[in-house]
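Shown next, in structure tokens, is the structure this report addresses.
The values are calculated or read from the model by the stated rules, or taken from the named source; none is laboratory data. Since this is a predicted model, take the numbers as computed values, not measurements. Heads up, the Cβs are rebuilt from the backbone with ideal geometry, glycines too, and the neighbour counts pull from every protein chain shown.
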Amino acid sequence: MNQTTQPIANLEAEQAVLGSILLDPAVLDEIPALAARDFYRETHAVIFQAMSDLWRDQHAVDVTLLGDLLTERKQFDLAGGLSFMVNLITATPTSVHAAYYAEIVARKASRRRLVRAAEKIAAAAYDESVNDNELFGRSVACIEAAVAKPKDENVLLWGDSFAVSADNALAGNARANENRPVLSFPWKALSFVNPLERGGFGIVAAETGVGKTIFLECAAEVWARRGFQVAFFHTELTHETMLRRRMCRWTGLTMAEVATIGLTDVIQQADELARGWPGGVNYIYASGWSAGQVVAKARQLARQGLNDVVILDYFQDLTFTEYVKGQMTADMRGGDARLLKAYTEQAEVGRPVLTGSQYRKRPAGAKSDPNSDMYGTSILPQKASLVLQISRERLTAPLYGDDRMLLAGLGELSPVTTVECTKQTGGAPATKKLWTAASRFLMADIAE
């Protein structure tokens, strides 16, 4: 079939959206921008509209109620009947990817609208009675109508913008007057880095073994002490390992000691102190997960009040949300980066995200470049509102403290950690130093 005659649609994605809704109707709250007109197949559009109407009217969305509503509307046969709706459930193994399926459907619909707009523009161009200025105006109007998002909250009208601006200013005053905690980084050296806020997408980039996980762990625990609920997704380390590393930070014990000495008074005291924190770190073992699964779980935790900020360790260890044979890795990774960024901006359940990112090896002496050094895609740093690069030099001579105690041996990584802020929205880049105690999994300010 000629490419120009192929329908611009993904029928499997359309069915997956409908099946996801039947499995978990609450996903309709996660895809408010999707409309019945976005479905290519009329059967799918009719079913989706009925589902949306049931959910809007606070009814359950199941096969029985859906069938009753479609029968009442004389659309039951058009919708494929009971067997088709049951097949939607059996063909959809999970609802966790519903937002991603919806994104595919919306993207295809947008392209179909662009094709129709192009046809209108071409017809106007062949009409000699239309002057050039009118043709240009019609063309712009057609394109704008094709790409406009149906979700009203994506449009901020000029008249409404003044009230929104005043509300934001008042909210800022309230935060300042109440001295509310913010997601600023827990080191004085990084006080110049802006706190993470809704819509914020931060990256901590480093080579293997430098300490990006330590950085993320320390930030998570300080934020928990400030009263935040941190959803910490870890893709490599098990729960047991995470808890042992945590105890090393809290007690000064080594990993071997924590693993072998049992429940001592020191460990019990550390645990009791942490139990009194107003917030907490909630660990999610996400080995083998995709970005879509992370986002789905983050939404769920946000609804339960267990997620004020997402920490993901680390981005490149995620499996592809949508694997397409023959497609470049960078494009698939880019889709995952866009998915995470879009999540930070979602109403109600969206939260800021801070993720670790793996560097590829660079030649000795080569200057780092986050746009090319991060594995997989340059889209990741492009989508980020904050990029922090951390590095530690390999010592060419032993490093001793003031008391002549050996701090690091020849060939080991220096405990002095360079943190370079290469990008932040509304702030200037800068380079600072921190101290890393690798055996304690701790990162701290350097004493003056």
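Points to keep in mind about this one:
- GLN49 surrounded by fewer than 20 Cβ atoms within 10 Å (Cβ to Cβ), in contact with a helix residue (DSSP H, G or I) (Cβ under 6 Å, 6 or more places away or on another chain) and closer than 26 Å to ARG112 by Cα: yes
- Residues of segment 406-415 classified as surrounded by fewer than 15 Cβ atoms within 10 Å (Cβ to Cβ) and assigned to a strand (DSSP E or B), total: 1
- Pair list, Cβ under 8 Å, 6 or more apart: segment 94-121 residue closer than 19 Å to ALA45 by Cα, other residue of a type in the set (Phe, Trp, Tyr): VAL105/PHE39; LYS108/TYR40; ALA109/PHE39; ALA109/TYR40; ARG112/TYR40
- Residue in segment 76-95 that is part of a helix (DSSP H, G or I), surrounded by fewer than 19 Cβ atoms within 10 Å (Cβ to Cβ) and modelled with pLDDT under 85 present: no
- Some residue of segment 15-24 being in the same structural domain as SER139 (by TED's automatic domain parsing) and either at pLDDT below 90 or over 23 Å from ARG303 (Cβ atoms) (or both): yes
- Residue pairs meeting the criteria (Cβ under 8 Å; at least 6 apart or on separate chains; first more than 19 Å from GLY211 (Cα to Cα) and assigned by TED's automatic domain parsing to the domain that holds HIS234, in segment 340-368; second outside any loop (DSSP other than H, G, I, E, B) and modelled with pLDDT under 80): ALA347/GLU153
- Residue satisfying all of: in segment 247-268; in a helix (DSSP H, G or I) and in contact with a Lys or Arg (Cβ under 7 Å, 6 or more places away or on another chain); nearest to LEU442 (Cα to Cα) among these: ARG249
- ASN168 being at pLDDT below 70, among the polar types (S, T, N, Q) and over 23 Å from ILE21 (Cβ atoms): yes
- Test: residue in segment 416-439 that is part of a loop (DSSP other than H, G, I, E, B), assigned by TED's automatic domain parsing to the domain that holds VAL210, of a type outside the set (Gly, Ala, Ser) and closer than 14 Å to GLU393 by Cβ: no
- Identity of the residue in segment 13-38, of a type in the set (Asp, Glu) and assigned to a helix (DSSP H, G or I), that ends up nearest to GLN58 (Cα to Cα): ASP29
- Taken over segment 15-46, the criterion of being in contact (Cβ under 8 Å) with a residue 40 or more places away in the chain, touching a helix residue (DSSP H, G or I) at 6+ places or on another chain (Cβ under 7 Å) and aliphatic (A, V, I, L, M) is satisfied by ALA16, VAL17, LEU18, ILE21, LEU22, LEU23, VAL27, ILE31, ALA33, LEU34.
- Hey, THR251 at pLDDT 90 or above, more than 30 Å from THR319 (Cβ to Cβ) and surrounded by fewer than 19 Cβ atoms within 10 Å (Cβ to Cβ) or not: yes
- Against the test of being small (Gly, Ala, Ser) and modelled with pLDDT under 90, the options ALA270, ALA286 yield a single qualifying residue, ALA270.
The rows are residues; the columns are (1) part of a helix (DSSP H, G or I); (2) of a type in the set (S, T, N, Q); (3) surrounded by fewer than 21 Cβ atoms within 10 Å (Cβ to Cβ); (4) at pLDDT below 90.
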| site | (1), (2), (3), (4) |
| --- | --- |
| ALA219 | yes, no, no, no |
| VAL222 | yes, no, yes, no |
| PHE233 | no, no, no, no |
| ARG245 | yes, no, yes, no |
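- Residues of segment 284-300 satisfying the condition of being surrounded by fewer than 19 Cβ atoms within 10 Å (Cβ to Cβ) and either assigned to a strand (DSSP E or B) or touching a Phe, Trp or Tyr at 6+ places or on another chain (Cβ under 7 Å) (or both): TYR285
- Any pair with Cβ under 6 angstrom, 6 or more apart, that starts in segment 389-402 at a residue that is over 18 Å from ALA206 (Cα atoms) and ends at one that is modelled with pLDDT of 75 or more and surrounded by fewer than 17 Cβ atoms within 10 Å (Cβ to Cβ): PRO398/LEU410
- Some residue of segment 152-164 being modelled with pLDDT of 85 or more and outside any helix (DSSP H, G or I): no
- Meets criteria (over 15 Å from GLU12 (Cβ atoms) and either part of a helix (DSSP H, G or I) or charged (D, E, K, R) (or both)) for VAL105: no
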